[in-house]
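This report concerns only the one structure given below.
The values are calculated or read from the model by the stated rules, or taken from the named source; none is laboratory data. Predicted model, so just to flag it, every value in this text is computed and none were measured. Positions of Cβ are backbone-derived with ideal geometry, glycine not excepted, and every protein chain shown enters the neighbour counts.
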Amino acid sequence: MADTILTGLDGQQISVSAEQVKDLSDRMQGSLLGTADQGYEDCRRIWNHMIDRRPGLIAMCESAEDVQHAVRFASEHGVLTAVCGGGHNVAGNAVCDGGIMVNLTRMKQATVDPGARIANVGPGCQLADLDRATQEHGLVAPGGIISETGVAGLTLGGGFGWVSRKYGMTIDNLVSADVVTADGELLKASSTENADLFWGIRGGGGNFGVVTNFEFGLHPLGPEIYCGVIVFPFSEARQVLERYREFAAAAPRELTVWAVTRKAPPLPFLPESVHGQLVQIIAVAYAGDPAEGERLVAPVRGFGNAHGDHLGLAPFTAWQSAFDGLQTAGVRNYWKSHNLDSVNDGIIDTVIEYIQQAPGDQCEIFLAQLGGAMAEVGATDTAYHHRSTPFLMNVHTRWQDASDDDRAVGWARSLFEAAAPHASGSVYVNFVSNEGRQRVQDAYPAETWDRLVSLKAKYDPRNLFRMNQNIPPQG
């Protein structure tokens with residue numbers, strides 16, 4: 001049998017014997033796929049189809065031991081290594097060209113101890129898997145807003161969504177994690193074991209190892225919550241956004257309010273004449289007594305002359321998946337993001353100006369309300385630092401054809417530059433596309449960055465885990 005040619009850590013070509021590849025395959029409970037094997041094409045695909053890479057091998061892991069074997073193989077041979085949890089991150093680092101893809105999508109276990117309010121969650125789980133398991137017991141672990149998002153990537157970057165103002169970020173509810181480090185060792189990371197590693201994986205991304213199990217603390221919620229959307233004419237976007245910032249500033253922690261500016265999808269409660277037209281959407285979720293939520297949200301209807309709304313009780317799992325249709329896999333995606341100290345007039349002006357120039361009907365700009373419990377954790381308690389940030393702006397650029405790449409990416413970058421004077425200068429690392437080292441550093445203040453660099457040098461001195469928003473071991 002012929003040797004397998006793989007890409008090395010520094011881009012060089014590496015020849016690995018057939019016997020060595022077979023040895024890895026024989027050790028694994030899961031399967032090892034080469035480029036000609038059945039299933040290879042499906043397993044290499046990730047959410048963002050702007051990313052089209054072909055790893056030399058795909059390790060379809062089914063256990064922590066499989067991950068250890070794959071990591072030891074990559075480390076021994078110096079092979080470029082990508083780690084795929086949900087494969088949903090916009091930057092596309094879950095897959096590499098020519099190296100090995102450590103694919104965790106089969107590790108989808110999610111078990112709940114309702115008495116202890118604890119969930120143990122595999123790294124291949126999506127939010128839908130986690131929510132389904134926890135909501136059976138009327139419990140929740142704070143996560144994101146798209147149910148197809150991978151739990152692993154979301155958590156390692158920080159994680160926030162509809163109930164984070166009430167219950168904290170995803171990392172704030174992480175009790176422990178099992179981590180395979182670059183030398184293939186399996187470590188427990190918690191507040192009492194390998195506490196430095198536990199600090200780093202809560203916001204430092206996948207730089208320090210491969211998590212094979214997440215242990216989350218849970219909170220009571222559901223099965224139904226008060227939630228929904230109100231859709232206003234784009235002609236009223238300015239006044240709606242001005243009222244939004246005032247309303248959000250006074251909202252209790254149970255209430256989360258986001259603003260989305262985009263063309264209207266064909267929602268059944270909207271007149272057909274509105275479908276495909278620019279609109280200003282306000283989305284709300286209340287993590288508390290539904291009657292109180294309805295009372296608090298009622299003034300939002302008065303922000304303008306709404307085209308329509310869909311507010312009321314809904315299963316939490318349904319609300320968590322309500323926006324999935326706007327973020328489906330199979331198209332090209334590019335994001336730009338800013339943390340905001342406020343939704344000031346400059347930001348509102350930028351949103352209104354640029355959405356009218358959007359390169360496609362699927363593009364949107366959203367303003368996320370943060371704060372509440374998220375802001376009550378110390379800035380240096382986790383690697384995620386920006387606890388006092390009250391708002392975030394993310395630009396979702398989505399299009400179909402590669403021929404439109406320059407126009408679509410150019411629009412997002414131009415919008416980003418226009419908004420920069422009105423933003424804080426920092427960014428949420430999970431919303432960073434392929435933007436270079438400086439933008440990764442913008443996610444962390446200097447002292448946090450230096451601490452992360454030192455941690456990287458301890459746990460991954462060769463930078464085996466470099467297919468990520470990378471923190472190099474040399475600073």
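Against the conditions (1) farther than 30 Å from residue 397 by Cα; (2) in contact with a strand residue (DSSP E or B) (Cβ under 8 Å, 6 or more places away or on another chain); (3) at pLDDT 95 or above, residue 199 satisfies every one except (2). Quick check: anything in segment 265-282 within 22 Å of the chain's Cα centre (by Cα) and either buried (at least 18 other Cβ atoms within 10 Å of the Cβ) or not assigned by TED's automatic domain parsing to the domain that holds residue 395 (or both)? Checking segment 265-282: at least one residue is within 22 Å of the chain's Cα centre (by Cα) and either buried (at least 18 other Cβ atoms within 10 Å of the Cβ) or not assigned by TED's automatic domain parsing to the domain that holds residue 395 (or both).
Taking the residues in segment 233-246 that are within 11 Å of residue 302 (Cβ to Cβ) and not polar (S, T, N, Q) as candidates, determine which candidate is surrounded by the fewest Cβ atoms within 10 Å (Cβ to Cβ). Give the steps one after another, and end with the answer.
Quick first cut of segment 233-246, residues within 11 Å of residue 302 (Cβ to Cβ) only: 239-240, 243.
This time we only want the ones that are not polar (S, T, N, Q), so: 240, 243.
Values: 240: 25, 243: 17.
If we take residues in segment 233-246 being within 11 Å of residue 302 (Cβ to Cβ) and not polar (S, T, N, Q), then 243 is surrounded by the fewest Cβ atoms within 10 Å (Cβ to Cβ).
Each row is one residue, and each column tells you yes or no for (1) touching a residue at least 60 places away in the same chain (Cβ under 8 Å); (2) β-branched (Val, Ile, Thr); (3) assigned by TED's automatic domain parsing to the domain that holds residue 72.
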residue: 131; (1), (2), (3): yes, no, no
residue: 134; (1), (2), (3): yes, yes, no
residue: 141; (1), (2), (3): yes, no, no
residue: 145; (1), (2), (3): yes, yes, no
residue: 153; (1), (2), (3): yes, no, no
residue: 178; (1), (2), (3): yes, no, no
residue: 193; (1), (2), (3): no, no, no
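In segment 230-242 there is no residue that is touching a Lys or Arg at 6+ places or on another chain (Cβ under 6 Å), in the same structural domain as residue 316 (by TED's automatic domain parsing) and not in a strand (DSSP E or B). The set of residues in segment 330-343 being surrounded by 14 or more Cβ atoms within 10 Å (Cβ to Cβ) and either at pLDDT below 95 or among the hydrophobic types (A, V, I, L, M, F, W, C) (or both) consists of 331, 335, 340, 343. Surrounded by 24 or more Cβ atoms within 10 Å (Cβ to Cβ), on the phi > 0 side of the Ramachandran plot, in contact with a helix residue (DSSP H, G or I) (Cβ under 7 Å, 6 or more places away or on another chain) and not assigned by TED's automatic domain parsing to the domain that holds residue 312: is that true of residue 206 in this structure? Taking the combined requirement at face value, the residue does not satisfy it.
Please determine whether any residue of segment 286-294 is surrounded by 18 or more Cβ atoms within 10 Å (Cβ to Cβ), over 26 Å from the mean Cα position of the chain (by Cα), touching a residue at least 12 places away in the same chain (Cβ under 8 Å) and in a helix (DSSP H, G or I). Scanning segment 286-294, I find at least one residue that is surrounded by 18 or more Cβ atoms within 10 Å (Cβ to Cβ), over 26 Å from the mean Cα position of the chain (by Cα), touching a residue at least 12 places away in the same chain (Cβ under 8 Å) and in a helix (DSSP H, G or I), so the answer is yes. Restricting to segment 364-415, and then to whatever is crowded, with 20+ Cβ neighbours inside 10 Å and in a helix (DSSP H, G or I), can you tell me which residue is nearest to the chain's Cα centre (by Cα)? Once the filter is applied, the top-ranked residue is 374.
Within segment 14-31, the set of residues being among the polar types (S, T, N, Q) and either in contact (Cβ under 8 Å) with a residue 40 or more places away in the chain or in contact with a Ser or Thr (Cβ under 7 Å, 6 or more places away or on another chain) (or both) comprises 20, 29. Taking the conditions (1) within 30 Å of residue 329 (Cα to Cα); (2) surrounded by 19 or more Cβ atoms within 10 Å (Cβ to Cβ) in turn, residue 52 satisfies each one other than (2). Residue 241 fulfils the conditions (1) modelled with pLDDT of 95 or more; (2) closer than 21 Å to residue 143 by Cα except for a single criterion, (2).
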